[in-house]
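The values are calculated or read from the model by the stated rules, or taken from the named source; none is laboratory data. Computed from a predicted model, the values in this text were never measured in an experiment. Counting neighbours? That spans all protein chains shown, and the Cβs are built from the backbone with ideal geometry, glycine included. SASA here: full protein model, heavy atoms, side chains in, ligands and nucleic acids out. Shrake-Rupley method; radii C 1.70, N 1.55, O 1.52, S 1.80 Å.
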Amino acid sequence: MIWDHEHETMPRDDLRRLQGERLRALAARAHENVPFYREAFDKRGLRPEHIRSLDDLPLLPFTTKSDFRDHYPLGLSAVPLEQIVRIHASSGTTGKPTVVAYSAADVDLWSEVMARTVTAAGVTRNDIVQNAYGYGLFTGGLGFHYGAERVGATVIPVSGGQSKRQIMLAQDLGSTVLCCTPSYALYLAETAEEMGTSLRDTKLRVGIFGAEPWSERMRREIEDKTGLLAIDIYGLSEIIGPGVSVECEHQCGLHIFEDHFLPEIVDPATGEPLPYGEKGELVFTTLTKEAMPVIRYRTGDITSLNPEPCACGRTMTRMDKISGRTDDMIIVRGINVFPSQIEGVLLQAKGVQPHYLIIVDRQRTLDDLEVWVEVSDEVFADEVRQLEALEERLRRELQEVLGITARVKLVEPRSIQRSEGKAKRVIDRRDVYSG
């Protein structure tokens, strides 16, 4: 099913002309209203009128996550505060969160691309959507809420957690669509089993899952355990939130709504554009976003693009599942986590050594985060009670910084393997990127 036939099935030549027009307008708007972009243009000797078509896209400067932090909170806004009707933010990675702003037109755009998203998954006005994404600064909950309401479906804004209650609501209210992270879908399936029932016994028929990487193997596991058609989505708050791309029922790549979000693949090392089919770093330019437009945002996600039309009728470019990251960021329970955050907490504690290991695993169906860290000989010789107190203190401080829980294990000096090159800080046992 297709929500917006005019744009989602647009001939590619027409789409390219539309993208070119919007890119020209974006360059002029960003240069005029965002000092950061004006300075970046000037450094390149670039004027907005130099952008005449999509072929000129590589002339434009990149934007990175650190640019958002450097201009915290609203330094990248293109409109005055009175025109901003909504603010969302990332989980906060290195102290300050990434703040994004929306005008009324942006919220309407978000609703529209989310209507496309849920429709691609097969949602109609006859569906009951159980939205188990978190509401609040995180964009997941409200994004799905807007999209489901736009298509006329009934929304249950249950948010995350309270798993037995989720099962009860699905049974009693007849939910037909489940929106949550893929790991939480598996957890709900196990919770249902513990309650002596099964998600297969409910009316749930499709799940729209994202906010964390997941493999084809995990898709098969979800579909086997729940009976749901498992649809993958992709989005990020810097661009709009969820609603950037989504799979259709054919599950053969995620359709990017590229009349609004212009994708590129670039070489992570050089920044040079790469051709269709070649893997590299995914980059997005927001063509129509008003309050906080973004030019050539480097996502850090590794994938490739496929411009071939899909059997569903959409003509928009599809992206493969994300196959890795260009940086050392890991996503745990939907939260972006950088080793530098953990290091910052650990090294503030007296007696803790700069040798640590972050272990990410999937216990049953939920992500598990454990941090091993060496302590000095003096600390390691302390009483067990004192060591436990230090572990507990580090655990609390990590939770405050990361927003999620992590177990801490103090280990004896020189027990973590050393490296002559770049230290290996992360062991991810979840196998989230392989098939």
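Among the residues that make up the stretch 267-284, is at least one of them among the charged types (D, E, K, R) and under 15 Å from I240 (Cβ atoms)? Full working, then the answer.
Step one: of the stretch 267-284, the residues among the charged types (D, E, K, R) are 267, 272, 278-279, 281.
Filter once more, so that each one left must be under 15 Å from I240 (Cβ atoms): none.
So far as the stretch 267-284 goes, no, none of its residues is among the charged types (D, E, K, R) and under 15 Å from I240 (Cβ atoms).
List pairs: first in the stretch 8-37 and open to solvent by 60 Å² or more (accessible area, probe 1.4 Å), second assigned to a helix (DSSP H, G or I), Cβ under 8 Å, 6+ apart or cross-chain?
R16/L54; R24/P48; E32/R38; E32/P48
Suppose we filter Y146, Y72 for residues that are assigned to a loop (DSSP other than H, G, I, E, B) and either more than 22 Å from the chain's Cα centre (by Cα) or not acidic (D, E) (or both); which single one remains? Give the derivation first.
On the way: Y146 fails: assigned to a loop (DSSP other than H, G, I, E, B).
Sole residue among the options that is assigned to a loop (DSSP other than H, G, I, E, B) and either more than 22 Å from the chain's Cα centre (by Cα) or not acidic (D, E) (or both): Y72.
Within the stretch 285-312, how many residues turn out to be among the charged types (D, E, K, R) and over 21 Å from G243 (Cβ atoms)? Spell out how you get there, then give the answer.
As a first pass, look at the stretch 285-312 and keep what is among the charged types (D, E, K, R): 289-290, 296, 298, 301, 308.
Filter once more, so that each one left must be over 21 Å from G243 (Cβ atoms): 308.
Residues meeting the conditions: 1.
For L81, state whether it is open to solvent by 10 Å² or more (accessible area, probe 1.4 Å), over 30 Å from A230 (Cα atoms) and more than 24 Å from the chain's Cα centre (by Cα).
Criteria met by L81.
For D106, which of the numbered conditions (1) among the acidic types (D, E); (2) closer than 30 Å to S340 by Cβ; (3) surrounded by 19 or more Cβ atoms within 10 Å (Cβ to Cβ) fails to hold?
Status for D106: all satisfied but (2).
Restricting attention to the stretch 182-202, which residues are of a type in the set (A, V, I, L, M) and either assigned to a helix (DSSP H, G or I) or open to solvent by less than 50 Å² (accessible area, probe 1.4 Å) (or both)?
Residues satisfying the conditions are A185, L186, L188, A189, A192, L199.
Could you tell me how many of the residues in the stretch 355-367 are within 17 Å of Q399 (Cα to Cα) and open to solvent by 30 Å² or more (accessible area, probe 1.4 Å)?
Result for the stretch 355-367: 1.
Residue under question is S90, and the condition is that it be open to solvent by less than 50 Å² (accessible area, probe 1.4 Å), in contact (Cβ under 8 Å) with a residue 60 or more places away in the chain and either in contact with a Lys or Arg (Cβ under 6 Å, 6 or more places away or on another chain) or not hydrophobic (A, V, I, L, M, F, W, C) (or both); does it hold?
In short, yes.
Only one residue in G243, G300, G227 is open to solvent by 20 Å² or more (accessible area, probe 1.4 Å) and not charged (D, E, K, R). Which one?
Matching residue, one of G243, G300, G227: G227.
Given the structure, is D172 of a type in the set (D, E), at pLDDT 95 or above and under 25 Å from H5 (Cα atoms)?
no
Which is without any contact (Cβ under 8 Å) to a residue 24 or more places away in the chain and open to solvent by 60 Å² or more (accessible area, probe 1.4 Å), of E378, E383?
Exactly one of E378, E383 is without any contact (Cβ under 8 Å) to a residue 24 or more places away in the chain and open to solvent by 60 Å² or more (accessible area, probe 1.4 Å), namely E383.
Would you be able to tell me the number of residues in the stretch 182-207 that are modelled with pLDDT of 90 or more and in contact with a Phe, Trp or Tyr (Cβ under 7 Å, 6 or more places away or on another chain)?
Count: 1.
For the stretch 257-270, enumerate the residues that are modelled with pLDDT of 95 or more and over 20 Å from R314 (Cα atoms).
So the first thing to find is which residues in the stretch 257-270 are modelled with pLDDT of 95 or more, and the list is 257-266.
Answer for the stretch 257-270, where residues must be modelled with pLDDT of 95 or more and over 20 Å from R314 (Cα atoms): I265, V266.
Please work out which one of (1) assigned to a loop (DSSP other than H, G, I, E, B); (2) modelled with pLDDT of 95 or more; (3) under 17 Å from A185 (Cβ atoms) is the condition R125 fails and give its number.
Going through (1) assigned to a loop (DSSP other than H, G, I, E, B); (2) modelled with pLDDT of 95 or more; (3) under 17 Å from A185 (Cβ atoms) one by one, R125 breaks only (3).
Can you give me the number of residues within the stretch 97-115 that are closer than 20 Å to P293 by Cβ, part of a helix (DSSP H, G or I) and in contact (Cβ under 8 Å) with a residue 40 or more places away in the chain?
Final tally of qualifying residues: 7.
Go over the candidates G140, G134 one by one and state the one that is open to solvent by less than 10 Å² (accessible area, probe 1.4 Å), at pLDDT below 95 and under 19 Å from the mean Cα position of the chain (by Cα).
Going through G140, G134 in turn, the sole match is G140.
Within the stretch 203-228, how many residues are in a helix (DSSP H, G or I), in contact (Cβ under 8 Å) with a residue 40 or more places away in the chain and not basic (K, R)?
Residues flagged as in a helix (DSSP H, G or I), in contact (Cβ under 8 Å) with a residue 40 or more places away in the chain and not basic (K, R) within the stretch 203-228 amount to 4.
Does at least one position in the stretch 327-348 carry a residue that is open to solvent by 50 Å² or more (accessible area, probe 1.4 Å), modelled with pLDDT under 90 and closer than 30 Å to P275 by Cβ?
yes
With the structure loaded, tell me whether R24 is touching a helix residue (DSSP H, G or I) at 6+ places or on another chain (Cβ under 8 Å), basic (K, R) and modelled with pLDDT of 95 or more or whether it fails that test.
On the way: touching a helix residue (DSSP H, G or I) at 6+ places or on another chain (Cβ under 8 Å): yes; basic (K, R): yes; modelled with pLDDT of 95 or more: yes.
It is true that R24 is touching a helix residue (DSSP H, G or I) at 6+ places or on another chain (Cβ under 8 Å), basic (K, R) and modelled with pLDDT of 95 or more.
How many residues are of a type outside the set (K, R) and exposed (fewer than 12 other Cβ atoms within 10 Å of the Cβ) if we restrict to the stretch 40-57?
4
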